[in-house]
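Below: one structure, written as structure tokens.
The values are calculated or read from the model by the stated rules, or taken from the named source; none is laboratory data. From a predicted model like this one, the values you see are computed outputs, not experimental measurements. Don't worry about glycine lacking a Cβ; one is built from the backbone with ideal geometry, like all the others, and counts go over all protein chains shown. Heavy atoms of the whole protein, side chains included, go into the accessibility calculation; ligands, DNA and RNA do not. Shrake-Rupley method; radii C 1.70, N 1.55, O 1.52, S 1.80 Å.
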Amino acid sequence: MDQSTIDRLNDYLHDLFGQEDEVLKAIRARALDEGFPQIQIRPEEGLMLQFLLKANDARRVIELGTLAGYSGVWIGRILPEDGQLITLEIDEERAEVARESFRQAGLSDRVQVRVGDALSLLPGLSAEGPFDAIFIDAIKSEYPAYLAWAVDNIRVGGLIVAHNAFRRGKIVEPAAQHDDLVRGTLAFNRQISEDPRLLGSIIPLGDGLAVAVRLAGS
Ligand code: SAM
């Protein structure tokens, strides 16, 4: 396929599966007003995330990297009424904006934002697990460490999803191979492909969604 066909297919996909309502649009607008980087998932990735969580019957979910709560709203909306999303964000200001997003989406009862470095908070979260799913979208250099925690704390059959598995193409650029963020993503993707406790792949949607199911075995 040539690039123009790929672009048209992406537009087609976006038109069919990339729609967002006023609440989601408002979150993106607020994030822009606050001067936050526009690095949230795309709506079509949000819908795919919902599909994966629903297919997995996920009830208790962890998210790493909240930003303004955009992906958190996609996740929170697909959880059952007694479901729970715990989302970790290092930046207090972003966490506060996200709490407001969850209030506006009517999800405050099932979404909890915790502030701090994900790798420092995760060991304490183990006592509250195991969890049904994790969505990884914080600092890319730490993706392998997040995955190590996930393998130990997601139930057998549970779901691991990670954003930016393609790093906007950098993972296949020879000049970018020494970048810490790219190396983190490469190590993460490789573990998904090689770890016998995981069954996974990369969904080539948006910037790539790495997905894996936790298999039995330690
Ligand atoms: N998941 C969000 C969405 O799609 O709406 C986007 C998350 S954004 C890509 C990454 C977020 O991770 C940023 O808000 C950043 O402040 C946060 N972050 C970066 N390093 C972190 C860390 N070590 N622990 C927790 N959060 C971190």
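A few comments on the model shown:
- In terms of accessible area, using a 1.4 Å probe and ignoring ligands and nucleic acids, THR87, THR5 rank largest first as THR5, THR87.
- Global geometry of region 72-143, whether rounded, prolate or oblate, following the gyration tensor of its Cα atoms and the 1.5 cut on a/c: oblate
- When the alpha carbon gyration tensor of the chain is reduced to an equivalent ellipsoid, the three semi-axes, largest first, read 24, 23, 18 Å.
- Beta bridges per DSSP with both ends in region 65-218, % antiparallel, nearest 5: 50 percent
- Listed residue (HIS163, ALA29, ILE192) projecting farthest to the positive dipole end of the chain, Cβ model: ILE192
- The listed residues ARG114, ARG77, once ranked by accessible area (1.4 Å probe) with the largest placed first, stand as ARG77, ARG114.
- Counting only DSSP H runs of at least 4 residues, each contributing -39500 (n - 2.57), and dividing by the residue count of the chain, the helix-based mean residue ellipticity at 222 nm comes to -13500 deg cm²/dmol.
- LEU121 - accessible surface, heavy atoms, 1.4 Å probe, Å² rounded to 10: 50 Å²
- Distance (nanometres) between label positions extended 7 Å along Cα→Cβ at GLN112 and VAL23: 2.0 nm
- Extension gain from ALA176 to ASP57, taking 0.36 nm per residue of separation minus the Cα-Cα distance: 39.1 nm
- Counting only aspartates and glutamates at least 8 places from LYS25 when in the same chain, those with an alpha carbon closer than 16 Å to its own are ASP15, ASP33, GLU34, GLU44, GLU45, GLU100.
- Simple Cβ-charge dipole of region 106-151, Lys/Arg +1 and Asp/Glu -1, about Cα centre, in debye nearest 20: 40 debye
- By a 1.4 Å probe calculation restricted to protein chains, SER218 has an accessible surface near 140 Å², given to the nearest 10.
- Spin-label model, ILE203 to GLU96: label points 7 Å out along the Cα-to-beta-carbon direction sit 3.5 nm apart.
- Approximating the spin labels as points 7 Å out from Cα along Cα→Cβ, the ASP15-to-ARG168 distance works out to 2.7 nm.
- The GluC sites (Glu not before Pro) of region 22-126 meeting both criteria, a DSSP state outside H, G, I, E and B (loop) and at most 14 other C-beta atoms within 10 angstrom of the site's C-beta, are GLU34, GLU81.
- When the charge dipole of region 1-84 is built from unit charges on Cβ atoms (+1 for Lys and Arg, -1 for Asp and Glu) and taken about the Cα centre, the candidate among GLY65, ILE41, THR5 whose Cα reaches farthest toward its positive end is GLY65.
- Exposure ranking of MET48, MET1 by accessible area [1.4 Å probe, largest first]: MET1, MET48
- Förster radius 35 Å - calculated FRET efficiency between VAL156 and ARG8 (Cβ-Cβ, nearest 0.05): 0.30
- For LYS170, the aspartates and glutamates whose Cα comes closer than 16 Å to its Cα, not counting residues fewer than 8 places off in the same chain, are ASP179, ASP180, ASP207.
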